[in-house]
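Take a look at the structure below.
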Amino acid sequence: MKPLIASLVAIIIVLAIGLGYFLYQSLNSPVETPITINPTPIPATAAPTSTPTASTSLFCSPSELQTTAQSEGAAGSVYLTVNIKNSGNRSCQIVGNKFIKATSTAQNIVVKEQGQPTTVLLTIAPGQTVYSQIRYQNGPQCSGPTTETPISYSYPISPTDSLAITDSSNPLTIGVCSSPSENTTVDVWSLSLQPLNQ
């Protein structure tokens, strides 16, 4: 009987020691607290927007303009009346402080600018017309004969585009002094919102 009791006591002691060790480890072990990481949201970057440039959004293109030129004689001079009409469907701008440009193969043509430009930019509504003119002498201006010489005219409507000025009924020519030492004068005007008086 005594050996049985001794065995039970030994078992109880072993169990008590094991339980005590377990409790000691549980109380003294560091508690691991889970860490939650909240990612910082990255703000969305808006797609870059293109800013329209003047040449694409404000200036008229040559295809939006219709030009006519009609010549008539007056008091020994030939006047070429120039009309530039906005034939498009939007208001647009053209350079307003330039003059018509004359180009010819003749070396003895002198171009003189007449009138005062009114504004740097002219805004033209659909159907609206702006005006200019060209003049050259039709009477005696040389000591000798003259030679009919082709001449072309254009106007710089924007920093990148020029508009050709043509006469649909007649080729543009000018009587140039045959002598290279004598000059032929061509007068050109800037643009105006009103027709020019000859």
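The values are calculated or read from the model by the stated rules, or taken from the named source; none is laboratory data. Just so it is clear, the model here is predicted, and its values are computed rather than measured. Cβ: placed from backbone, ideal geometry, glycine included. Neighbour counts: every protein chain shown. Heavy atoms of the whole protein, side chains included, go into the accessibility calculation; ligands, DNA and RNA do not. Shrake-Rupley method; radii C 1.70, N 1.55, O 1.52, S 1.80 Å.
Structure values in brief
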item	result
Any chance residue 196 is in contact (Cβ under 8 Å) with a residue 40 or more places away in the chain and assigned to a strand (DSSP E or B)	no
Residue tally, condition part of a loop (DSSP other than H, G, I, E, B), open to solvent by 40 Å² or more (accessible area, probe 1.4 Å) and touching a strand residue (DSSP E or B) at 6+ places or on another chain (Cβ under 7 Å), over region 172-193	3
Failed condition for residue 155, given (1) part of a strand (DSSP E or B); (2) over 20 Å from residue 62 (Cα atoms); (3) in contact (Cβ under 8 Å) with a residue 60 or more places away in the chain; (4) under 34 Å from the mean Cα position of the chain (by Cα)	(2)
Matching residues, region 82-116, being charged (D, E, K, R) and surrounded by fewer than 16 Cβ atoms within 10 Å (Cβ to Cβ)	90, 101, 112, 113
Within region 117-132, considering residues that are exposed (fewer than 12 other Cβ atoms within 10 Å of the Cβ) and small (Gly, Ala, Ser), the one farthest from residue 83 (Cα to Cα)	125
Residue check, residue 66 polar (S, T, N, Q) and either open to solvent by 30 Å² or more (accessible area, probe 1.4 Å) or not in a strand (DSSP E or B) (or both)	yes
